[in-house]
Amino acid sequence: DAKTTQPTSMDCAEGRAANLPCNHSTISGNEYVYWYRQIHSQGPQYIIHGLKNNETNEMASLIITEDRKSSTLILPHATLRDTAVYYCIVRGYSGGYQKVTFGIGTKLQVIP
Amino acid sequence: DVKVTQSSRYLVKRTGEKVFLECVQDMDHENMFWYRQDPGLGLRLIYFSYDVKMKEKGDIPEGYSVSREKKERFSLILESASTNQTSMYLCASSMVDRGGEQYFGPGTRLTVT
């Protein structure tokens, strides 16, 4: 699986959009970008994934650059409950060794 | 919504005890996983299962075993608990062809004294 690089921490004002970047310059053509988050003392939560098109669901939007070397997770209106560690993962979609490998992630602090 | 439940949120056991951690998912997922999470080490895969009675070792299977007698249930067994097995244990499940989209339980914080 390709390596990802994320900032260690970020702050965001409550109600504003939180934009979390991720670099994955070694991503291969069949690898997807996945985002998870982990709120303190809880299990990780799947958020969204994408291949090359931008994706949106009820939780967030995922913007992937045209060259696929980086992506941004957008939480459109951050709330205090969005304070968590956010993990960007790049991996194949389905088969093979199916674990998810979390790096350090970005600690997002939403400020009132 | 996918729901993955774990039998306990907090557990305290003594060294040498046999420990059972239970995980149940309600979405008919084929794949189930056991991870442990430790500060500075991230998430590490212990075992996974892709079908009933099928299991595969992950990165750190030593000191653990698993059981999957029913599709919805995946158990992690610590045969003889040791203090270095004090950790947060996380169960996850996924559909067979969507391995990157895993749904996690709330975790069990196990302390071995």
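The values are calculated or read from the model by the stated rules, or taken from the named source; none is laboratory data. Note that the structure is predicted; figures quoted are calculated from it, not measured. Glycine also receives a Cβ, built like all others from the backbone with ideal geometry; neighbour counts cover every protein chain displayed.
Listing for the model above:
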quantity	calculated
The range B:1-35, residues that are of a type in the set (Val, Ile, Thr) and either part of a strand (DSSP E or B) or over 12 Å from B:Gly105 (Cβ atoms) (or both)	B:Val4, B:Thr5, B:Val12, B:Thr15, B:Val19, B:Val24
Candidates B:Gly100, B:Gly40 - the one that is farther than 30 Å from A:Asn30 by Cβ, free of Cβ contacts under 8 Å to residues at least 40 places away in the same chain and part of a loop (DSSP other than H, G, I, E, B)	B:Gly40
Of all residues making up the range B:59-110, the number that are within 14 Å of chain A (Cβ to nearest Cβ), within 15 Å of B:Lys13 (Cβ to Cβ) and surrounded by fewer than 22 Cβ atoms within 10 Å (Cβ to Cβ)	4
Of the criteria (1) touching a Gly at 6+ places or on another chain (Cβ under 9 Å); (2) in a strand (DSSP E or B); (3) more than 23 Å from B:Tyr103 (Cβ to Cβ), which one A:His77 fails	(2)
The range A:15-51: number of residues that are crowded, with 20+ Cβ neighbours inside 10 Å, more than 12 Å from chain B (Cβ to nearest Cβ) and over 16 Å from A:Arg81 (Cβ atoms)	3
Evaluation of B:Gly42 against (1) on the phi > 0 side of the Ramachandran plot; (2) within 14 Å of the chain's Cα centre (by Cα) (one fails), failing number	(2)
Qualifying residue in the range A:84-98 (condition: crowded, with 19+ Cβ neighbours inside 10 Å, among the aliphatic types (A, V, I, L, M) and assigned to a loop (DSSP other than H, G, I, E, B))	no
Of the criteria (1) among the charged types (D, E, K, R); (2) farther than 26 Å from B:Phe33 by Cα; (3) not in a loop (DSSP other than H, G, I, E, B), which one A:Asp67 fails	(3)
Selection from the range B:78-97 of residues that are part of a strand (DSSP E or B) and out of contact with any His (no Cβ under 7 Å at 6 or more places or on another chain)	B:Leu78, B:Ser87, B:Met88, B:Tyr89, B:Leu90, B:Cys91, B:Ala92
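Yes/no matrix, rows are residues, columns are (1) in contact with a Phe, Trp or Tyr (Cβ under 7 Å, 6 or more places away or on another chain); (2) at pLDDT 95 or above:
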residue: A:Thr83; (1), (2): no, yes
residue: A:Ile89; (1), (2): yes, no
residue: A:Tyr93; (1), (2): yes, no
residue: A:Gln98; (1), (2): yes, no
residue: A:Gly103; (1), (2): yes, no
residue: A:Leu108; (1), (2): yes, yes
